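Have a look at the structure below, then the notes.
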Amino acid sequence: MVEMSFDDLFVRFWWLIFPLFGMIWAFVELTQSGRRSKQAMDVIKSLVEQGKDPPVELLDIAAGDRSDNSSGWDRAQTPAAAVVVNTALAVGFGLASRFANNSNTQEVFFVLAAVFGVIALGFFFIAMFGPRPK
């Protein structure tokens, strides 16, 4: 078994902090979105019981429409943007694989290029044959 101090562990894997916090942030945002939709549904139920029509904005919130962009990020709404980003990553990692000096590094970059290429291909098929945005 390899002995490793916390300092060694942090030095080797410091970059894992970013995806970890990203996953935590996504989970918190997901739970808050669900809570927001549930509260909107409760208000809609009370308005319907009173015989009033709920506002369109409230129906959009209950449906999960994020047009208000409350997270502060401009997210791409189409798979075409994901095709472009993943294709660029695949090309970048492919070039890095081609010009890497170490064979282990070449293999890692090649695998990353292949994975991003497959993801880009999947998004391409979704963009071509998937449901059209409203």
Checklist entry - Among the helices (runs of 4 or more DSSP H) confined wholly to the range 44-134, which include 2 or more residues that are at pLDDT 90 or above? => result 79-99, 103-129
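Those residues that are over 19 Å from the mean Cα position of the chain (by Cα) and surrounded by 14 or more Cβ atoms within 10 Å (Cβ to Cβ), I need them from the range 101-112; list them, please.
Those that are over 19 Å from the mean Cα position of the chain (by Cα) and surrounded by 14 or more Cβ atoms within 10 Å (Cβ to Cβ): Q106, V108, F109, F110.
The values are calculated or read from the model by the stated rules, or taken from the named source; none is laboratory data. Keep in mind that what you see is a predicted model, and the values were worked out from it rather than measured. Virtual Cβ from ideal backbone geometry, glycine too; neighbours counted across all protein chains shown.
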